[in-house]
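All remarks here apply to the structure that follows.
What follows draws every value from the coordinates through simple rules; no lab data is involved. This is a predicted model, so every value here is computed, not measured. Using ideal geometry, Cβ is built from the backbone for each residue, glycine included, and neighbour counts are taken over all protein chains shown.
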Amino acid sequence: MMIELSAKLTTGTVYLAGEALECCITFCHTTQPEHRNSQSHSDILESLAWVSAQIHCFYSTSGNTGDKTPTVGKTTALEVTSCDIGDVVFHTKPKILFCDLTIPLGESKTFWYRESIPIEAPPSYRGTSVKYSYKITIATQKVGSHIKMVRIPFRVLPISPIMNMQDLAALCGNETTEELQPTNPFSEERKVETTLSMALQVLQNLTARRSPNSYMITNTRGKVGRFCLFKSAYKLGEDIVGTFDFSVGTVTCMQVSVSLQPEEVVTSKSPSKNVNKENSSRSMTVARSHEVTLGLTHSQLILPIPLHITPAFETDEVSLRWRLHFEFVTTNDKLLANPEDKDWNAPLNVPIETMVWNLPVKIYSTLPKQIQQHSVGNDAYTMYIK
């Protein structure tokens, strides 16, 4: 005889910090096919002593799986092995779902676990040096047996780099959404602003506004061109759109590539022994656009922001920012003296120079439903308790 534990997040697998999650946990008393004809009266009933659930946020660094010690201040069964995948930097209080539950053979019992994620909680992040991961830990014990656990992973997005309540209130007071959302002048209802709703309001204002900025690109030999970026704040899944104007250049631009890169800076506050006490920064490329621009007077940039990346955030251990990394391949030779010449042949050798330029951009979270529409299905996690 055994009990099958099945758990599934009914509200999705992606959440904003400050949102509430809901997990459906079902216990079913079942039997193995080969034992169906040999069951005794004592096998008809199965008992569970207790079941509890809580949220854990694990932190680990490269080459570090955490100290094999439980979190200080808590001695619940859920935390005996809570550091086997990293140090626990955040956890909610464990909730006891039931005690002394008896399930007859062939029947099932369903319970619900609901918990809110603090708005100041760190986001899910898998960087080159640092990793944050979230899991719901469900622990149970059958009478006369060992404790069993199942962990359900989920993703947490930062609401914004603004975590201070007073800053949120000040920004919401200074930044109005009247232009973005229609209002009903006859309505007498006033919606109570929560921290999450205020943060979402600020997030919408920051990413909805267009504020074009132009940059003149130059090197030691002259002007390469002008780049215009229509806005500097984006949400996950949006396109970074810009234009190049090479007609103002005095230097020929043969090709240009633009990469979206994170800047991960591990701070000296990190408690891990495996992290250098000096600030260390690492970059990689998550999206890239490349175009040959020889002979072009204008070009455009359309660079999609992947949904799987982590928006900008900052904790005591690490900070993450984003930038556009430009690479311009230029030459001082006039390769196209007469663009209308139909008999023009490309030269065999061209003296070139490569110049790089980094432009910071701000990337914020999007609504979880936008990510879950493009993600794999939310499967149930199953564990057998014998």
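The stretch between Phe111 and Arg126, if pulled fully straight at 0.36 nm per residue, gains 2.2 nm over its current Cα-Cα span. Legend: distances between Cα atoms for Lys8/Lys148; Lys109/Lys135; Lys135/Lys231; pairs beyond 27 Å are Lys135/Lys231.
For segment 212-255, the list of chymotrypsin sites (Phe, Trp or Tyr not before Pro) that fall in a loop by DSSP and count at most 11 other C-beta atoms within 10 angstrom is empty.
Could you compute the net charge surrounding His308? Neighbours are other residues with a C-beta less than 13 Å from the C-beta of His308; K and R count +1, D and E count -1. Local charge sum for His308: +2.
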